[in-house]
Every structure is written in C-alpha cells, then in structure tokens.
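The values are calculated or read from the model by the stated rules, or taken from the named source; none is laboratory data. Please read these numbers as outputs of a predicted model, since none were measured by experiment. When we count neighbours, we look across all protein chains shown, and the Cβ atoms used for this are built from the backbone with ideal geometry, even at glycine. Protein only, heavy atoms only, side chains kept; ligands, DNA and RNA dropped before computing areas. Shrake-Rupley method; radii C 1.70, N 1.55, O 1.52, S 1.80 Å.
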Amino acid sequence: MATSTSVPVAPPTRLRRLVDRLPKVLGVHHGGANYRYVDSPGQGPVIASRAAEAWVRTTCGYCSVGCGMRIGVRDGVAVTVQGDPEHPVNRGRLCPKGLSEHLMIRADGRLLTPMVQGVAVGWDDAFDVVTERFKALIAEHGPESVAVLSTGQLVTEEFYALGKLVRLGMGLAHYDGNTTLCMASAVSGYKLSFGTDGPPGCYEDFEQADLVVLWGANIADNHPLLTPRVLGAKDHQTLVVVDPRVTKSAMIADVHLPVRPRGDIALLNGVLVVLVEEGLVDLDEARARVDGVDDLLAHLDDWSVERAAHESGLSEDAIRDLARRIGSAERCTIAWTMGVNHSVQGTHTVTLINTVALLTGNIGKPGASPFSITGQCNAMGTRETGFTASMPGYRGYDVPEHRAELARLWGIEESRLPTERGRAYPDIVNAVMSGQIKGLWIIGTNPLVSFPNREVLELAFRQLDLLVVQDGFETPTTKVADVVLPAAIWGEKDGTFTNSERRVSRVRAAVEPPGLARTDFDIFMAFAERWGCRDELFPGWVTPEDAFGEWRKVSAGRPCDYSGITYERIAAAGGVQWPCPADDPDVPLGGTARLYTDRKFNRPGGRAMVHPVEPQPIRDAPRPAYPLLLNTGRTVEHWHTRTKTGRIAVLEGLSPEAWVEVHPDDAARYGLRSGDLATVRSERGVVERIRVRVTSIVRPGEVFIPFHWNERCANRLTDDQFDPISREPNYKQCAVRIERSTA
Amino acid sequence: MSIRPRGLVEDESPPRSRTVEVEPDGHRPELLALDAGEQYRFGFDMGACIGCHSCEVACAEQNGLPAGTVWRRVGEIEGGDHPFTRRFHLSMSCNHCLEPACLQGCPTGAYIKLDNGIVAHQADDCIGCQYCTWNCPYQVPAFQPDRRIVTKCDMCQPRLAEGLKPACVGACPTNAITVEKVNVAEWRADHSAADAPELPDSSITLSTTRITLPEGVPLETFAASSWNLRPEHPHWPLVWLTVLSQVALGVSATASTTTHRFTAFALAAVAMAGALLHLGRPAHAWKALRGLRRSWLSREVAALSVYAGAAAGAVVVPELTVPAAVLGGVGVYASARLYVVPGRPAWNSPLTIVRFFATALATGPALTGHVELAAVGAVLAVFASVANWLRLSRRDEQSWIGSVQLELHWFRRWSIVRFALVALGVVAAIAGGSAVGIAAALIAAEVVARWLFFVTVVPLNMPGSFWRHTVAGQR
C-alpha cells in the first residue's frame, strides 16, 4: 500500500549516532518528560499525551451494545476516549476495545489511496474503472452478474443510501450483508413469530427481570457492558446461562446449563412439555392471541422430559427446574446471541424461544422479552433501512401495499422495485463459484476470515472478473481485490447507529480521514453520479443527515418508525429507541422502550405464531476420523477478524494469538499439553500450529477456537452449511481431529 | 497447588449469589479523607470481575504506558471439572504493602511510602538496577525499556490528590475494583483478606489489597499461566560481577605473588566495571551507595568497591593482602545476601551464601596453584546445588519445583556441561593435571552454574493469564 511520502534526509554518520545515543545509554535522563501529567479539564490529571482539548460525543463502533462515548481530540488527532456518563446504555463505562478505540483511528495499515490492480490511482480513475467494468458485466451478463456484500459497520444513513443505490440505481439483483453471518436467524425468527423483525425488549429488562436466561450468549466476553445490568440485579434476579462451555458469563450465573451443542431445541421442547404438563401456561389465553398453539401441542406429544434430557445432555431435573423458573417468573427475559443464531436451525430455535416467551406472557412488559442481542454496532441499522432481506422499513418484496407505498415515497415506478430479495450471502458465494456472478463489491467486511469453509471462498474469489473491496484497513480480502477503495472509519464519519435495544445514537466525526480516504457516504454518492441516479434517488443530498431525513419519512408508520427521531432529539436524549412516531405526545423523549406492549403483533389479525420444531442431527458430527466437535466464538479483547483490534498493541498484548481449548481428558488422549502447538483438521481444511489451552472450560469431546485470526483461521474448518430460511452459517458445530504439530 | 482460601466449600454446584452495586451515571465520588493511622488501599471483588481487562487498558492509557509495560494485570484461576468448572479472574496492580519489599531493597531510596500509604517510585532516583523487581513477590515493579528505569502503579496519585478515583477503578464496568481506607494497625494484625488462591502469602510484604473471594472456590486450582514455565533473564553483567568478584576473592585469599595480587585486583575491577552494564542508568550509579543502612545491594557495591581498592593497594603493599581478602569476603557475603529474598524462593536460602563462597573457593585457588583446594570448592558448589534442589523439591508451587525443572530438564544440557567441567577439573586436580587447565575448567563450570542460577529462578508472582510470558515484556 502507498504511504505518505516524506522528504529524504541524509543519514547521520555512525559517530554522530553513537554520540547521540550516549546520554540514553548512560541513562542521564529517564524520559520523564514523555510521561508528564497534566491537569486536563475534562479528565482530571492524566498523562500529557492523552490530554484532550475538545470532546466529540459519539457511539462505539464495535459491538451492538451501543455504548455512548466521547472522543478526545487535540491538534486534530484523537488522543483518548471516555465513556459517556450521560449515555443511557453504558453510563460512562467501556470495555477494553472501547477504551482503546482512539488508537484504532491512528493505527497502521489504513488504506490511503484507491488502488487498481495494485497500482495507486485517483478517485476518478477508481470510480471510472469500477463503473465501466460493472456496467460492462451487466451489459453482457445481466444484472444478475454483479453483487454487493456489505456490513453491519456503516452508519444507518449510509446503509439507506447504499440500498437505494444498489437496488434502484445500479439495478442489481443480489445484495446482502455480513449481518447474514450473525443476526439473520434472529430476523427470520422474529418474522416467523411476530410478523416483522425487531427485538421486543430493552436493556432495562436485564435489570427488571426476576429471571434472565442467557441462551448461547457469552455477554461477559462479547457484550461486556451488559454484564453490569445483570450483576446489579442479583438481589432480586436469577441468572441462568445456557452454554456448552463454562464461559465467563457462566461464571456469573446462578445456574449454568451446559447444554450439548445443538441440544437447545430439545431443551426448549422439554421446557415447553413441562410448562404444559404442569399448567404453567394459560393455553386458552394463548389461543386467543397466538396462532399455531394446537399444532405445537400436537408436536409436543412426541416429546417428553426424558427425551429432552437425553437429547440435550442435561438432567430431567435441570429441565424441569428451568421450566418452572420460567413458568413462575413474574418477568422473564430470554436473551440470546450467536449460540442460537449460528445454526442451520437458527431461525427455528429463535421461534422456539419466542414461543416460550409468548406462552408464558413474557413479552411486551418490563423485564420480560425474547431478546436478541445483536452483533455489530449497526447491524440493526441495515436490518431496518437495508434493501436485503426486506425492503426499507421492514417492507416485503411481495406485499403490494408496501411496494406501492415505497414507489410513492420515492417518486418512482413501482416496476423498478425488485420483486424478490435476491441471493443471500452464501448464495452469492455459490453463484460466484458457479460463474453466474462475475463482479463483486465488498464493503466493510472481510469474508476471507469470517465466512465458513475458507478454501471454497478463496476458490470462488479467483473466479471473479472484478472484485472491488471498500474498507478502512488493509485486510486479507483487500489483498486479493482488483480494486481497493479507501474508506473513512469510525471517528471520521457522521451518522447514526442503532443498537440491540433499537436505540438510535449519534456517531460523529472527530478527525479527518487520512490520505485520500473518503466516507462511505461520499463514495456512494460519487457512484450514484456515475450511474446517473444521484439527482433522482438522492435529490439534494449533501450530508448523511439528508439521508436520515428521507429515511424518517420512509419509515413513518412502519414498525421501525424513525419519523420522530431527529439528530437534535438524539442529542437531547443520548439515544432514542424506535418506534418513535413524529408528533406522538405519548412517546417519551428517549423513544419506545418495548414492542408489543399491547400484545398486537405484526402478523395478520395482530396475532403472533408459534411453530413446532424438531431438532436435526449435526451434519458434520464427530466420527472416528474426526472425533471432536469444534465450537467457535469470540474473546473480549478482539473484534471480529482483528482488522482493527489486531492493530492495537495493548489489545494484542492481552490476546496475542489464536488458541484451541481442549479438555484435559482429550489432551491426555492426544498427547497434548497447554502451550503445545497443534494441528486441527476437518474435512474441509486445516489450522496449523495453533496454541493448545488445556482447560475444563470445554466438555470432553469438544474443542473451541476463537474465529478472530487470519492465520490459524477457524473458518478453514467450519462447515458451510446454512439455515434454509435465514441463510446463516452453522459456525458452531463441526467435526475435527487434533494432533500435536510437528516442528 | 493451591492456597486454602477463606469461606471455601467443596459443593460442586454451589449458590452463586452476590450483590454488585452499579454506580449510576459514572460520577466520581470524592474519596474519603484519611483519619490518623489509615491509608488507601485497593479492594477487589473476585466474584464481580468478569475478566474484561478494561482496567488494564484504562491504566495503560491513563499513564501512557508503552506496549509491554503493564502496571495492572488480570490473571485467571481455574479449578474443578466440566461442567462444574470454576474460573476466576484476579486484577492486581501494586498492593501498596505495609512492608514493601521493593522499598526495603532499593539501594537508592527511589521508593517512598507516602502518608496516604501509597508506595511511590521516584524516577529521578532510580538507576534501573531492577532489584525491586526481584524483591516484590507480586512482580509489580516493571523495567520500562524506553526509560531504562523501573516504573509502577502509584494508584494514580495525582488523581487521588484531587479526590478522583484511579483510572482502573473508574473503568471497571462491574465495580470489582475499589479504593478504600484501611486502618494500618488493624490490617497488620489481620491481613488474611489479602490472600487468594495462587497468590503469594500476604505476610511476606503485608499486602493491603483486600480481596473478596466468591463462594465455591475449588480446593484444587491452577493459574492459567502455570503451563508456561519460562527461564528468567540471565543478567549477564551480574553473572560476570558475581563470578569475577568471587574468583578475585579466591585469588586474594590464596595470593602469594605480585602477579596473584594484581590478578585479584584486575578481576575485582573488571567485575565492578561490568556491573555498570547491568544498570539502566549507569551515569547515576553512585546513587547505589545511598541505601547502606537498608539495602544489601548498596552494601555489596560499597564492600566490593572498597575491596577493589584494597586489592589495588595490596599490589603495591603486600601487607594489605589479608585485609583485602577479608574485605573481599565481606563483599561476597553482601553480594550473596542480596539474592536471599522471599520473592525468589530458589535463592531464598543460606545455600546461596554457601554457593557464592564455594565459587570463590573453586576458582581463585586454582589460579594460585592450590588445585586441591579448588577441587574441594567445586565439589562443595555441586553439593550446595544438589541441596538446593532437594530443598526446592519439597513444595509443588511452581516457584519452588519449577526452578528444579528448569535446571534439570529445560537446561539439562547445560547442567551436564557444568558437571562434566567440574568432574574434569576435580579428576585433573587429583591426577596432577595442568593448573591452568584445571582453573579454566572450574571457572567455566562456575560461570555456567551462575548463569543457571539466574535463568532458573522462578519468581513469586500473581497468577497470570494464559498468555503470560508469550509476549516480550510480559511478567
């Protein structure tokens, strides 16, 4: 990558260097000047290098908790950050990634100039090349031949603009985001149960509930700023953690249920059996509001607590205990994340959690909801505004009223709206592999590390005629791109993020992007110009706020109603939760905390729906050649594929390399000790020289590898099997074998 | 491998309830003013800590610490078997001890205990000798390479002075870390709340950090760092300082010619000059003489310097030979004593003193032609080593048995080399071999032995994370 040029200076002579070094070698001074404390008005006494002159309020750009923070700026450089004590989400505290986020802005490895085939070019050239070649592909092979993969990391305004650009301006058929790799099952599950997406609860529920069940959610590592909520409620709350591993979150639980991988459907069915058997649900009340109750009951005839225990790996007592706790709780919140979503049955597992909540009345009231904790900082923004699984505003491609409404709002012919969602992420990869998709534009994501079965993806990328990658940092994916577009990153852009509890918070630019990097919004507008759709689709848009203004109108009246949310209102409230209709005096300043408080759902008749679910066996199950089950996940020090956190020394120091957790019994069987380097193989690929950690965090027969690392990439092993509804990958169960690496 | 903590239960599925107050709005309460007889200290609630490492990052940012210099660390402790595995995290920076070993050993007086109890390190007075890093049983003081001095946690003293919380306390999402007041006399009488599994005994330095242990800590625990038994830094200048000064002593004590006396002086002088290379700030080496009343390191510097002077005098005035040898003995004694510290169990024994004098006996006399005497010294040195291994094998803590494992397994080749050299020297001495050859073999044996002495010591330390010692500078 090109770096900034500097004027060459004649190298000092050897003697000169020696003389210069002498005071240092002799230790005449101790370098105290570099470690001087100053009294900074906004910080108190602090080391001078971190003292800020101005503060910019923003929202963290890593996970979906959506912590409010302030970037401290001095001389145009982000020198520090602080948790925003006024922000309703995190009340002034941050996790280690947030606390070092200013270092990310200045980190090495930024993309500074557009590149075409490895050659630095100007923006005009880059736009021309991409536009001409995509147009040529479309002319020759049709709009099916170019696809876009975006992210959950842009601001909402950019997502809204990008959706219009891709689906209406460029007229592309296939557009999806990496949110399909993390939250799609929650989206699909909510849609099946309630008619639309949208997490019904809020973070306050974690405090108000008398029972919180964290289902496949290791918040202590992955959403650290949610843990104070449950820790602070210990006096009136029971915390249950359902997770095969003894995670950090399991350690703060009152009850840990070490469910067998993929055993959670059996556990949920067992819970439903007990709830029904012991009269802990009011079936008549349920039938009055919910469809599918009798089908569900009929399905439960096939189930018993005994079967649930057998298939979940838990005791019958543990299942009964959980069911009774849920059935008797005044307020029960069941919150889940990737342990549920990352499954070939993710969507259906989500519906089962929703079913438990619906039948026990744990929805639409304080402390009670089936709550999906999102992954990325603005996965929610793209779920609502995106043009992927649904049209903007949770509108269906096949719903005539929605189509008519959008066409009217945008002043375009209804026929220009796509009639179907197009290919989802894994299906785009398949189409690349088969040569149907020849041009791919990747924005803000690093599939080479994050997509399952990397060997196949690498092969697929080689089939492409044109791979365009737009990102802030050099990544394994930018390295194989034909065209690289340098984007501004968090701290350099304006807009909004929407967090897991539907809270819209402001993101603000604190510093200028380096080199030629431009905001994604600017890049999209420039492409719109090239594609001749700027004036039509983005009339008068100059700043992201213009996009926000249009999105407010487009979302009005929809479940995700932003019409009452303005930048000013966000500033006043710290963050505003949708739905927030304009001019509705009943909605508080901070928006609507919970959905479905009137028990009216977004399905026909306002009725929710429950679905019977039968577990499927694990496809790539352990067998003699691959006797261990691999689970993947994350660690608190790193963010996704480490394109950011891998560049921050303090975080790298805390978690410097990938590891594989192996139970002591398995370690003895395979001759492994902690610290050994091991080779892990699946049918699809191999991870070599990965550090062994012998620990009882994992069960015998199971191993765990965090997915963050490019070298020792867990996704060389994972099974590329996908949920048929959400298309989310089954990251968490595949068969591997392990052996000591030879030197 | 565990210390028996308070409130311990063996129940495999114990209740896990606890209350953590989450402070609203993150405002900063004023710290309470200290009453007479009180000092500030850290409190740590192990059950509230989720191992997020925010405190470490906040500390590094507050103090602008370069990569690799860490004032606060979070360790991990594990016990039990799946699904009843228990894991705990221990966040620790300086314990601001009542009897700080760092302060007591410091040759320059760089450490002071402030009125509010904080053990403060003053950079101006630090010469980078790193003796405090050997003394602290928690491995708190850290040598900071860019400054060539030791630095450490001062509880964000400038913030405390304004009534503000230290950065780590302010950053902890679960309020697991606090700053509180403690009555010094009461704590001195009962400091058991400073103990935790895998942590050095608080009675060594009277650590003031109050640790609240969660319920149900298993009887058997291990630190996540325990797999990674690593050699320590060899400190080559100190290998030369100690071996050469001991060779010099052996020569002085058996000197009969001017050549012998000059050899003793030259060795002592080179040893002292070489020692300067050990310091981060040799320009300030003279400050090492400040701590004569307290620090064995100061006494070593003083005694060996005086010895070198006397040895020089003896070259001119042979009558000074015996006084010089006596002064050399004092120097070697001071030199040995400074290694006898609780923070390094492998050294913390009179055997260290025996070994240092045995080295003098094994080497110097060989240079003055007393090869039989040297052979006795070499055998004595070997016996002292073996005795030390037997001593260290009695306890299964890594800081004890680990030293033996390093010497006899990790460095087994070098141990064999050492024994072979001793055997060669002793056999040659008995068989009447060349004195020069015998001296060469025995001196080489002692250099190898001394290098092993430095690299095989396993310091006491707080329990570490799985990654301890995998990155440069990690303690």
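Which one is farthest from B:Arg72 (Cα to Cα), of the residues in the range B:180-198 that are buried (at least 20 other Cβ atoms within 10 Å of the Cβ) and in contact with a helix residue (DSSP H, G or I) (Cβ under 6 Å, 6 or more places away or on another chain)? Even if it seems obvious, please write down each step before you answer.
Taking the range B:180-198 and keeping what is buried (at least 20 other Cβ atoms within 10 Å of the Cβ), we get B:182, B:187, B:191, B:194, B:196-198.
Pick out the ones that are also in contact with a helix residue (DSSP H, G or I) (Cβ under 6 Å, 6 or more places away or on another chain) and you get B:191, B:194.
Working: B:His191: 21, B:Ala194: 17 Å.
Among residues in the range B:180-198 that are buried (at least 20 other Cβ atoms within 10 Å of the Cβ) and in contact with a helix residue (DSSP H, G or I) (Cβ under 6 Å, 6 or more places away or on another chain), the one farthest from B:Arg72 (Cα to Cα) is B:His191.
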Search result, residues across the range B:144-166 that are more than 8 Å from chain A (Cβ to nearest Cβ) and of a type in the set (A, V, I, L, M, F, W, C): B:Val150, B:Cys153, B:Met155, B:Leu160
Do we have A:Pro447 as buried (at least 24 other Cβ atoms within 10 Å of the Cβ) and under 19 Å from A:Val130 (Cβ atoms) here? yes
Test B:Ser399 against the stated conditions and say whether it is under 30 Å from B:Val70 (Cβ atoms), away from chain A (no Cβ under 14 Å), part of a helix (DSSP H, G or I) and open to solvent by less than 50 Å² (accessible area, probe 1.4 Å). yes
When you go through (1) at pLDDT 95 or above; (2) within 13 Å of chain B (Cβ to nearest Cβ); (3) in a helix (DSSP H, G or I) one by one for A:Gly653, which number turns out not to apply? (1)
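So in the range A:114-128, with the set limited to residues that are small (Gly, Ala, Ser) and touching a residue at least 60 places away in the same chain (Cβ under 8 Å), which one is surrounded by the most Cβ atoms within 10 Å (Cβ to Cβ)? Lay out the reasoning, then the answer.
As a first pass, look at the range A:114-128 and keep what is small (Gly, Ala, Ser): A:118, A:120, A:122, A:126.
Imposing the further condition that a residue be touching a residue at least 60 places away in the same chain (Cβ under 8 Å) reduces the set to A:120, A:122, A:126.
Numbers: A:Ala120: 16, A:Gly122: 11, A:Ala126: 24.
Ranking the qualifying residues of the range A:114-128, first place goes to A:Ala126.
Only one of B:Phe466, B:Phe453 is within 14 Å of chain A (Cβ to nearest Cβ), in contact (Cβ under 8 Å) with a residue 12 or more places away in the chain, open to solvent by less than 30 Å² (accessible area, probe 1.4 Å) and out of contact with any Pro (no Cβ under 9 Å at 6 or more places or on another chain); which? Break it down into steps so the answer makes sense when it comes.
On the way: B:Phe453 fails: within 14 Å of chain A (Cβ to nearest Cβ).
The match here is B:Phe466.
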Expected output for the range A:28-49 (first residue at the interface with chain B (Cβ under 8 Å from one of its Cβ atoms) and within 17 Å of B:Ala60 (Cα to Cα), partner outside any loop (DSSP other than H, G, I, E, B) and basic (Lys, Arg), Cβ below 8 Å, 6+ apart or cross-chain) is A:Gly44/B:Arg159; A:Pro45/B:Arg159
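Restricting attention to the range A:150-169, does a residue exist that is touching a helix residue (DSSP H, G or I) at 6+ places or on another chain (Cβ under 7 Å), under 18 Å from A:His342 (Cβ atoms) and part of a strand (DSSP E or B)?
Here is the first cut: in the range A:150-169, the residues touching a helix residue (DSSP H, G or I) at 6+ places or on another chain (Cβ under 7 Å) are A:150-152, A:154-165, A:168-169.
Within this subset, residues satisfying the condition of being under 18 Å from A:His342 (Cβ atoms) are A:151-152.
In the following step, the residues that additionally are part of a strand (DSSP E or B) were identified as none.
No - not one qualifying residue is present in the range A:150-169.
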Going by what's in this entry, would A:Val698 be described as part of a loop (DSSP other than H, G, I, E, B) and open to solvent by less than 20 Å² (accessible area, probe 1.4 Å)? yes
Every pair of residues 6+ apart whose Cβ atoms lie under 9 Å, when the first sits in the range A:606-621 and is touching a residue at least 60 places away in the same chain (Cβ under 8 Å) while the second is aromatic (Phe, Trp, Tyr): A:Arg607/A:Phe601; A:Ala608/A:Phe194; A:Ala608/A:Tyr596; A:Ala608/A:Phe601; A:Met609/A:Phe194; A:Met609/A:Phe601; A:Asp620/A:Tyr626
Total residues in the range B:199-212, condition within 20 Å of B:Arg86 (Cα to Cα) and surrounded by fewer than 20 Cβ atoms within 10 Å (Cβ to Cβ): 1
Is it the case that the range A:129-145 has a residue that's outside any helix (DSSP H, G or I), open to solvent by 10 Å² or more (accessible area, probe 1.4 Å) and modelled with pLDDT under 95? yes
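So for the range A:394-404 (the condition being among the small types (Gly, Ala, Ser) and crowded, with 24+ Cβ neighbours inside 10 Å), does at least one residue qualify?
no
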Which ones in the range A:197-249 are open to solvent by 10 Å² or more (accessible area, probe 1.4 Å) and β-branched (Val, Ile, Thr)? A:Thr238
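If you take the residues in the range A:686-695 that are open to solvent by less than 40 Å² (accessible area, probe 1.4 Å) and not in a loop (DSSP other than H, G, I, E, B), which one is farthest from the other protein chains (Cβ to nearest Cβ)? Working first, answer last.
Filtering the range A:686-695 for residues open to solvent by less than 40 Å² (accessible area, probe 1.4 Å) gives A:687, A:690, A:692-695.
Imposing the further condition that a residue be not in a loop (DSSP other than H, G, I, E, B) reduces the set to A:687, A:690, A:692-694.
On the way: A:Val687: 18, A:Ile690: 13, A:Val692: 9, A:Arg693: 6, A:Val694: 7 Å.
Checked the range A:686-695; the qualifying residue farthest from the other protein chains (Cβ to nearest Cβ) is A:Val687.
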In the range A:176-196, what residues are buried (at least 24 other Cβ atoms within 10 Å of the Cβ) and among the hydrophobic types (A, V, I, L, M, F, W, C)? A:Leu181, A:Cys182, A:Met183, A:Ala184, A:Ala186, A:Val187, A:Phe194
Scan (1) touching a helix residue (DSSP H, G or I) at 6+ places or on another chain (Cβ under 8 Å); (2) open to solvent by 50 Å² or more (accessible area, probe 1.4 Å); (3) not β-branched (Val, Ile, Thr) for the single condition B:Ser295 breaks and write down its number. (2)
Checked pairs for the range B:148-161, first surrounded by fewer than 24 Cβ atoms within 10 Å (Cβ to Cβ), second not in a loop (DSSP other than H, G, I, E, B), C-beta under 6 Å and 6 or more apart or across chains, list as B:Thr151/B:Gln144; B:Lys152/B:His121; B:Asp154/B:Ala120; B:Pro158/A:Tyr37; B:Pro158/A:Pro45
Only one of B:Ala378, B:Ala346, B:Ala360 is small (Gly, Ala, Ser), modelled with pLDDT of 95 or more, open to solvent by less than 20 Å² (accessible area, probe 1.4 Å) and not in a helix (DSSP H, G or I). Can you tell me which? B:Ala346
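Conditions (1) buried (at least 24 other Cβ atoms within 10 Å of the Cβ); (2) in a helix (DSSP H, G or I); (3) in contact (Cβ under 8 Å) with a residue 12 or more places away in the chain, marked per residue:
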{"site": "A:Glu455", "(1), (2), (3)": "no, yes, yes"}
{"site": "A:Thr477", "(1), (2), (3)": "yes, yes, yes"}
{"site": "A:Ile489", "(1), (2), (3)": "yes, no, yes"}
{"site": "A:Ser500", "(1), (2), (3)": "yes, no, yes"}
{"site": "A:Val504", "(1), (2), (3)": "yes, no, yes"}
{"site": "A:Ala509", "(1), (2), (3)": "no, no, yes"}
Need the failing condition index for A:Thr679 against (1) over 26 Å from B:Arg87 (Cα atoms); (2) in a loop (DSSP other than H, G, I, E, B), just the number. (2)
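Taking B:Gly437, is it free of Cβ contacts under 8 Å to residues at least 24 places away in the same chain, part of a helix (DSSP H, G or I), away from chain A (no Cβ under 14 Å) and not aromatic (Phe, Trp, Tyr)? Don't jump to the end; show me each part of the working.
Numbers: free of Cβ contacts under 8 Å to residues at least 24 places away in the same chain: yes; part of a helix (DSSP H, G or I): yes; away from chain A (no Cβ under 14 Å): yes; not aromatic (Phe, Trp, Tyr): yes.
Here the answer is yes, as B:Gly437 does meet what is asked.
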Subset of the range A:83-99 (residues that are more than 9 Å from every other protein chain (Cβ to nearest Cβ) and open to solvent by 20 Å² or more (accessible area, probe 1.4 Å)): A:Pro88
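Residue-by-condition table, conditions (1) open to solvent by 30 Å² or more (accessible area, probe 1.4 Å); (2) without any contact (Cβ under 8 Å) to a residue 60 or more places away in the chain; (3) within 27 Å of A:Gly44 (Cα to Cα); (4) within 14 Å of chain B (Cβ to nearest Cβ):
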residue: A:Thr59; (1), (2), (3), (4): no, no, yes, no
residue: A:Arg74; (1), (2), (3), (4): yes, yes, yes, yes
residue: A:Glu101; (1), (2), (3), (4): no, no, yes, yes
residue: A:Met104; (1), (2), (3), (4): no, no, yes, yes
residue: A:Leu112; (1), (2), (3), (4): yes, no, no, no
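Taking A:Ala379 as the residue in question, decide whether it is in contact with a Gly (Cβ under 7 Å, 6 or more places away or on another chain) and of a type in the set (A, V, I, L, M). Show your work before the answer.
Working: in contact with a Gly (Cβ under 7 Å, 6 or more places away or on another chain): yes; of a type in the set (A, V, I, L, M): yes.
When the stated conditions are applied, A:Ala379 passes them.
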